[in-house]
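This report concerns only the one structure given below.
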Amino acid sequence: MGQQQLNVCVVGAGYVGLTTGVCLAYLGHQVTCIDKDREKIDMLLAGRAPIYEPGLEDLLRLANARLKFTTSPEACRHADVIILAVGTPPTPNGNADLSFMEAAAAEVAAQLTGERFQVIVNKSTVPVGTAQRVNLIITTAIASRGGSANFAVASNPEFLREGVAIHDTLYPDRIVIGSASNEAINMLRVMYAPILEQTFAAPKVCPRPERFDLPALVTTDVTSAEMIKYAANAFLAMKISFINEIGGLCEKVGADVTEVARGIGLDKRIGPRFLQAGLGWGGSCFGKDTAALIRTAQEYGYDMPIVSATVSVNRRQRLRAIDKLQETLKVVRGRTIGLLGLAFKPDTDDLRDAPALDIIRVLLEMGARVKVYDPVALENFKIQYPNLAVEPCKNASELSQDCDAVIIVTEWEEFRHLPLAELAEKMTGAKVLIDGRNIIDRQDAEKAGLRYVGFGR
Ligand SMILES: NC(=O)C1=CN([C@@H]2O[C@H](COP(=O)(O)OP(=O)(O)OC[C@H]3O[C@@H](n4cnc5c(N)ncnc54)[C@H](O)[C@@H]3O)[C@@H](O)[C@H]2O)C=CC1
Ligand SMILES: O=C(O)[C@H]1O[C@H](OP(=O)(O)OP(=O)(O)OC[C@H]2O[C@@H](n3ccc(=O)[nH]c3=O)[C@H](O)[C@@H]2O)[C@H](O)[C@@H](O)[C@@H]1O
């Protein structure tokens, strides 16, 4: 490929670490993915991906010759670049829990020999100051064993979305690298060269988009890089909360929020993406990262009313599904309600902070009978939430049997093509279809005999 091949270790083989590792191997680097979870590593050694991410297993196969999987951090000893991609879950007060990050940094530090220059990259989403903290952990560990330090830390936040993670990794809008070390920045520039210059042959599982500009490389200081990640997620979450707030008013005045979103999104200053109104955002990051941003601001005695409102509008939005049930069914207790979709978004099996979970809990508290179906996340759901007394179904048709109302919670592609007449036939009472993602045509639903309720229209 004419590119310089680096030896890369990725610590943490989750949604981000595994995708990054597999893509970097596909691009020509020698990659070792390290995870402390034996089960994950065993699956990967057997050629299977421990998460549902379209295209990932195919790419795993394609890059197999340059990929290694292990539970031992020892491979870091010979790495040019060590990428930290461990989880940073929220603590109860909103702070990011950095214990995995700190433990990983210490494990890596134990492997650094000082014989070659090595770059330690923070890819996890971490509050400002974390790169410095990682630097301190490693420096202290090396000093305490009398070793010599020959490394630099860089912040390289990740912007991929689950479900399209490979696309976002191979064809990003930009790559952000924050570091005080030019040597580190140059090393990462080499690592990302195939992406920055798009010199690789696009894999069949993830073709290059027809219209695609070369990604921008943003090099900056570490603190700004750390802030860029939080600001990006807070802005995207705000965009969704904004359109949902507008949607609430659209319902009152008789406008259609999908038309409004189209009308404003064509203004290039606003842009059409992340303006889909509905049940609001979920997932492992928007909630966690807005909370961490507010928490950081609090530590400085600084108010962030826009970010706070983004969160509270989103909380209210999920419960709008319950309001709509009450408005249409009047009494919810004793009714049968079906949820189409459990994952926080389509094309993933991830249930972290999924709107479906809140809706299920409230419905059960209200005394409803709850049926659920998800094309991919059902198995995860059964394992992770064995105490939620819902009835799992095999498909939308089975789910609709005897339902007073069905709520579309996740915009899975197959829900865009629901057999509406069949659903109506099987449902009972008011036969309400609550379209939590605005993916069904009202007229089609009404023609099939359903009472259609959208969001913001
Ligand atoms: N999931 C997403 O779409 C995105 C996540 N992020 C950020 O990336 C980070 C990772 O997120 P995910 O990949 O979703 O997490 P994840 O929970 O899927 O994966 C983290 C992995 O790290 C492993 N791990 C923890 N400590 C370890 C250690 N000391 N040594 C080896 N392995 C260790 C865990 O076993 C787990 O497999 C988080 O900070 C998150 O905010 C950023 C962009 C996108
Ligand atoms: O830091 C992260 O973890 C990632 O968080 C989000 O990615 P992700 O959570 O995987 O998925 P999104 O596509 O952003 O969707 C998030 C939620 O917003 C909802 N959403 C999205 C778009 C929209 O217009 N309306 C809307 O309600 C989705 O249904 C989903 O629940 C960001 O988009 C990524 O850039 C970022 O890297």
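The values are calculated or read from the model by the stated rules, or taken from the named source; none is laboratory data. As the structure is a computational prediction, the values presented were derived from the model and not from experiment. So basically every Cβ, Gly included, is an ideal-geometry build from the backbone, and we count neighbours across all protein chains shown.
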Name the residues in the stretch 328-367 that are among the small types (Gly, Ala, Ser) and either more than 16 Å from ligand 2 (Cβ to nearest atom) or part of a helix (DSSP H, G or I) (or both), would you?
334, 338, 356, 367
Among the residues of the stretch 18-43, count how many are surrounded by 24 or more Cβ atoms within 10 Å (Cβ to Cβ) and within 13 Å of ligand 1 (Cβ to nearest atom).
8
Hey, does the stretch 80-90 have a residue that's free of Cβ contacts under 8 Å to residues at least 60 places away in the same chain, assigned by TED's automatic domain parsing to the domain that holds residue 169 and either acidic (Asp, Glu) or farther than 17 Å from residue 157 by Cα (or both)?
no
If you go through the stretch 97-107 one residue at a time, do you hit one that is touching a strand residue (DSSP E or B) at 6+ places or on another chain (Cβ under 7 Å), crowded, with 17+ Cβ neighbours inside 10 Å and outside any helix (DSSP H, G or I)?
no
Of the numbered conditions (1) over 26 Å from residue 285 (Cβ atoms); (2) part of a helix (DSSP H, G or I); (3) without any contact (Cβ under 8 Å) to a residue 24 or more places away in the chain; (4) not hydroxyl-bearing (Ser, Thr, Tyr), residue 75 satisfies every one except a single condition; which is it?
(3)
With 301, 278 as the choices, which residue is part of a loop (DSSP other than H, G, I, E, B), at positive phi, away from ligand 1 (no atom under 16 Å from the Cβ) and in contact with a Gly (Cβ under 6 Å, 6 or more places away or on another chain)?
278
Going through the stretch 164-174 in order, the residues found to be within 13 Å of ligand 1 (Cβ to nearest atom) and either hydroxyl-bearing (Ser, Thr, Tyr) or crowded, with 19+ Cβ neighbours inside 10 Å (or both) are 165, 166, 169
Do we find a residue being under 24 Å from residue 283 (Cβ atoms), surrounded by 22 or more Cβ atoms within 10 Å (Cβ to Cβ) and either touching a Leu at 6+ places or on another chain (Cβ under 6 Å) or in contact (Cβ under 8 Å) with a residue 24 or more places away in the chain (or both) anywhere in the stretch 421-430?
no
Those residues of the stretch 265-312 which are under 20 Å from the mean Cα position of the chain (by Cα), more than 10 Å from ligand 2 (Cβ to nearest atom) and not small (Gly, Ala, Ser), in sequence order
290, 293, 294, 307, 310, 311
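Being within 24 Å of residue 448 (Cβ to Cβ) and surrounded by fewer than 17 Cβ atoms within 10 Å (Cβ to Cβ), is that true of even one residue in the stretch 372-394?
yes
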Which residue out of 185, 142, 166 is more than 13 Å from residue 225 (Cβ to Cβ) and either in a loop (DSSP other than H, G, I, E, B) or away from ligand 2 (no atom under 16 Å from the Cβ) (or both)?
142
